[in-house]
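**Q** Dropping the structure in here first, questions after.
The values are calculated or read from the model by the stated rules, or taken from the named source; none is laboratory data. From a predicted model like this one, the values you see are computed outputs, not experimental measurements. Because the Cβ atoms are built from the backbone with ideal geometry, glycine has one as well, and the counts that use them run over all protein chains shown.
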Amino acid sequence: MTVHSLADYKRVVHAALGRNPVLDVLIADAVGGTLAEDVVAMRDIPEIPVAACDGYAVTATDVAGGPSLVVSHDVSFDDRSPRTHVPGTAARVPSGAPLPRGADAVVPSDHTDGGVARVAITGEVVAGQYVRGAGSDVRAGEMLVSAGTRLGARQVAAAAGLGRPRLKVHPVPRVVIVAVGDELIDPGARRPGGGVPDADSHLMAGLVRDAGAQAFRVGPVPDDPLRLRAALEDQLVRADVLLTTGGLSQGTRDTVASVMRRLGEFDVADVALNPGKRLGLGSIDIGTRHIPVVSLPGSPAAAAVAFEAVVRPALRDMCGFHQRERDALVATVGQGWSTLEGSVNAVPVTLTRTDEGRIAVPLDDGQLSLASLAQADALAWTGPDTTEVEPGMRVHCSRW
């Protein structure tokens, strides 16, 4: 079997998943999607000065001339345009309403006697008090939310405040996760002869959510071809991507490849990645829907590395995010380890900060065990030409 370089295989997986199409949705349905367009203010908000509180719109110099003023009118939100302020008077104004043209201050209601025909004002009044100027919330041309942003309540509220009834978004992909293996049982379950608790599907569900997609975990499925096929077919109705772990070796009970090939297209490949060498990729067509299938190793550590190296970037792009890779940092090796020549190697490390910078120390002598998977601060990556990582070397790390 030909061994593919990691870079080549990443490109193949990226092409297989593709980016979700853009949907034009009502703003109420946009939360959770990834914005496919910049949200830019087309005008100042507010467009004209408005009252920052309930009170009376005045000219500050008029108040200095006497403690009370005639009330000229009540400002209404229904007015087509602001009236012109009558010098020497006050206009009752609700919070958020436009100031009459010529008024330059608002006196809060609790600084007055609340008069209707004439109002008495207490305290000093200065120009600009309790007035929200034009553009004080948003300036015309200002970008509030950039394309590639996952939309939460705050971002949707900003778009709504601009008067946007609809937004263009990439919908969140739905990833169905199936752990395959005769030996697997749900954590806490019992069966004759024992079993191996399923860590894979829980691990993948968390990593999928962390990448920005929806995760639908299916309980452990045995290698039996009929039961495996039935379980997979049952999940296709809700899957945008099907992600499996286990069942990829060449043993007689490893049936993922044969079952997948009966459902659609599927190829198994060896990739220059350690751990996580053997991976599967294919697709299943259901009517007009094209569902990519990615299969990862059964070892939780190998599955985690393969997901981080190959699946996560493609899944992030499918979501519509501009940043596909995790933030990387460079650390100095505090204790060396050996690597597999010819492969990209991932080693779990702890990170500590010193006066000289970050120091990376391998866990479990550089082996990815279940314990190191839980305890690691980051994965340290080395290239295929590296055979020994020595203290003092600099390595690239992706923080988990």
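**Q** Where the second residue is exposed (fewer than 15 other Cβ atoms within 10 Å of the Cβ) and of a type outside the set (Phe, Trp, Tyr) and the first is free of Cβ contacts under 8 Å to residues at least 40 places away in the same chain and within 18 Å of residue 135 (Cβ to Cβ) and lies in region 78-100, which pairs have Cβ atoms under 7 Å and are six or more apart or on separate chains?
**A** Every condition considered, the pairs that remain are 82/48; 82/101.
**Q** Then there is this: Having 1 or more residues that are surrounded by fewer than 16 Cβ atoms within 10 Å (Cβ to Cβ) and of a type outside the set (Lys, Arg) is the bar; report the strands (runs of 3 or more DSSP E) wholly within region 302-400 that clear it.
**A** 328-333, 344-354, 357-362, 394-399
**Q** What number of residues within region 29-77 satisfy the criterion of being outside any strand (DSSP E or B) and either polar (S, T, N, Q) or free of Cβ contacts under 8 Å to residues at least 60 places away in the same chain (or both)?
**A** Matching residues across region 29-77 total 11.
Here's the yes/no breakdown for (1) outside the structural domain of residue 307 (by TED's automatic domain parsing); (2) within 22 Å of residue 309 (Cβ to Cβ); (3) touching a helix residue (DSSP H, G or I) at 6+ places or on another chain (Cβ under 9 Å); (4) modelled with pLDDT under 95:
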| position | (1), (2), (3), (4) |
| --- | --- |
| 217 | no, yes, yes, no |
| 222 | no, no, yes, yes |
| 238 | no, no, no, yes |
| 245 | no, yes, yes, no |
| 250 | no, no, no, yes |
| 257 | no, yes, no, yes |
| 273 | no, yes, yes, no |
| 276 | no, yes, yes, yes |
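Table: residues versus (1) touching a Phe, Trp or Tyr at 6+ places or on another chain (Cβ under 6 Å); (2) farther than 24 Å from residue 18 by Cβ.
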| position | (1), (2) |
| --- | --- |
| 261 | no, no |
| 268 | no, no |
| 271 | yes, no |
| 289 | no, no |
| 298 | no, yes |
